[in-house]
Amino acid sequence: MTTKKHVNLSLHEIKFNSMNHIPIMIVNRRNKEELEVMKNLVQVLSTHQSKFRILKQTEDGVEELPLEMFMNSFELSRQIAQERERLDAILLKEDDEV
């Protein structure tokens with residue numbers, strides 16, 4: 001039930017996908033909201049010590065992404081977005097002063 005709260009699949013689809021090694025969640029890494037939902041699901045699964053894999057699509061195919069790398073990249077993306085917002089605010093302030 002915990003997984004169902006994070007994905008748009010029925011319990012039957014979640015079970016079927018899991019048993020057949022089909023992803024239960026696919027996200028666009030440039031979509032902040034989708035990544036946030038995925039991060040929350042990963043944290044819940046980790047807390048419950050559930051087995052799961054994070055896969056990354058590359059030009060050469062699909063590769064597994066270690067949990068630590070996913071969490072680090074998520075945090076880095078969040079920090080970059082915050083820095084971009086801070087710089088935008090500075091630029092807007094400078095435009096107002098001119």
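The values are calculated or read from the model by the stated rules, or taken from the named source; none is laboratory data. The model shown is predicted, which means the values in this text are computed figures rather than measured ones. Here the Cβ positions follow ideal geometry from the backbone for every residue, glycine too, while neighbour counts run over all protein chains shown. All accessible areas refer to the heavy atoms of the entire protein, side chains included, with ligands and DNA or RNA removed. Shrake-Rupley method; radii C 1.70, N 1.55, O 1.52, S 1.80 Å.
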Q | Pair list, Cβ under 8 Å, 6 or more apart: segment 58-86 residue within 16 Å of Ile26 (Cα to Cα), other residue assigned to a helix (DSSP H, G or I) and hydroxyl-bearing (Ser, Thr, Tyr) | A | Leu67/Ser46
Q: Filter segment 48-98 down to residues that are among the aliphatic types (A, V, I, L, M) and in contact with a strand residue (DSSP E or B) (Cβ under 7 Å, 6 or more places away or on another chain) and give me whichever is nearest to Met38 (Cα to Cα).
A: Ile54
(Q) Let me spell it out: the conditions are (1) open to solvent by 50 Å² or more (accessible area, probe 1.4 Å); (2) assigned to a helix (DSSP H, G or I); (3) of a type in the set (Phe, Trp, Tyr), and Phe70 meets all of them except one. Which number is the exception? (A) (1)
Q | Criterion (among the aromatic types (Phe, Trp, Tyr) and modelled with pLDDT under 85) met by exactly one of Phe74, Phe16 | A | Phe74
Q.
Taking the criterion of being in contact with an Asp or Glu (Cβ under 9 Å, 6 or more places away or on another chain) and open to solvent by 70 Å² or more (accessible area, probe 1.4 Å), would at least one residue in segment 36-51 satisfy it?
A. no
Q) Restricting to segment 1-35, what's the tally of residues that are of a type in the set (Val, Ile, Thr), touching a residue at least 40 places away in the same chain (Cβ under 8 Å) and open to solvent by 50 Å² or more (accessible area, probe 1.4 Å)? A) 1
